[in-house]
Amino acid sequence: MNFIDLAKARFSTRKFTAQPVEDEKLAQILEAGKLAPTAKNQQPQKIYVIRSQEKLDRLNQLTHCIYGAGTVLLVAYDDDLDWDNPMEEQVSSGEVDAAIVATHMMLEATELGLGSVWVGWFPPTETAKALGLPANIKPVMLMPLGYTADTFQPSPMHSQYREASAIVTEL
């Protein structure tokens with residue numbers, strides 16, 4: 001599959017089967033995250049694999065957006081490792097780096113026949129505390145991961161795109 005077809009094939013899965021994600025597929029997804037570019041190659045990303053029922057229950061108490069997935073990736077960054085832009089205060093790469101890593105993993109999941117969804121509807125600080133993460137680890141997103149239920153269909157908005165002229169401007 002070429003990249004554009006892969007990008008078109010990916011959609012937000014909001015209903016998963018009980019079939020677990022195979023360790024080999026999870027390893028490939030994590031490898032895709034490891035290979036993602038980061039600012040100055042500082043690699044501040046931190047990926048937590050959440051599979052235990054206890055931790056999944058904690059997440060389900062914090063957000064309704066786990067959708068029955070048996071595997072959830074929490075993508076975060078280490079605030080001690082992200083790149084700080086020397087040209088402007090308060091500008092650093094952590095969130096952007098984590099987003100690039102997450103995107104690589106979502107596309108790899110799609111290529112492997114798995115569904116995923118980008119979840120931002122959760123309280124990052126409270127989630128970090130509930131999972132016992134150190135203060136320097138900043139959660140960016142949750143990624144429920146697994147096999148898409150046969151009865152689930154992508155949102156009708158999935159294939160609606162703004163015109164290029166509305167998003168691209170040549171200067």
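The values are calculated or read from the model by the stated rules, or taken from the named source; none is laboratory data. Remember, predicted model here, so these are calculated numbers, not experimental data. Positions of Cβ are generated from backbone atoms using ideal geometry, with glycine treated the same way; all protein chains shown enter the neighbour counts.
Numbers at a glance
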item: Subset of segment 99-131 that is in a loop (DSSP other than H, G, I, E, B) and among the small types (Gly, Ala, Ser) - its residue that is nearest to the chain's Cα centre (by Cα); result: 120
item: Flag if residue 7 is part of a loop (DSSP other than H, G, I, E, B), of a type in the set (A, V, I, L, M), surrounded by fewer than 17 Cβ atoms within 10 Å (Cβ to Cβ) and touching a residue at least 12 places away in the same chain (Cβ under 8 Å); result: no
item: Of the criteria (1) over 24 Å from residue 128 (Cβ atoms); (2) at pLDDT 95 or above, which one residue 54 fails; result: (1)
item: Counted residues, segment 148-160 - those being surrounded by fewer than 19 Cβ atoms within 10 Å (Cβ to Cβ) and within 19 Å of the chain's Cα centre (by Cα); result: 3
item: Answer residue from segment 132-168, given it is hydroxyl-bearing (Ser, Thr, Tyr) and not in a loop (DSSP other than H, G, I, E, B) and is nearest to residue 50 (Cα to Cα) among those; result: 148
item: Tabulated pairs, segment 73-88, first under 28 Å from residue 52 (Cβ atoms) and in contact (Cβ under 8 Å) with a residue 12 or more places away in the chain, second in a strand (DSSP E or B) and of a type in the set (Lys, Arg), C-beta under 6 angstrom, 6+ apart or interchain; result: 76/46; 76/138; 77/138; 78/46; 79/138
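Here's the yes/no breakdown for (1) buried (at least 19 other Cβ atoms within 10 Å of the Cβ); (2) farther than 14 Å from residue 139 by Cα:
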position: 24; (1), (2): no, yes
position: 29; (1), (2): yes, yes
position: 33; (1), (2): yes, yes
position: 44; (1), (2): yes, no
position: 111; (1), (2): no, yes
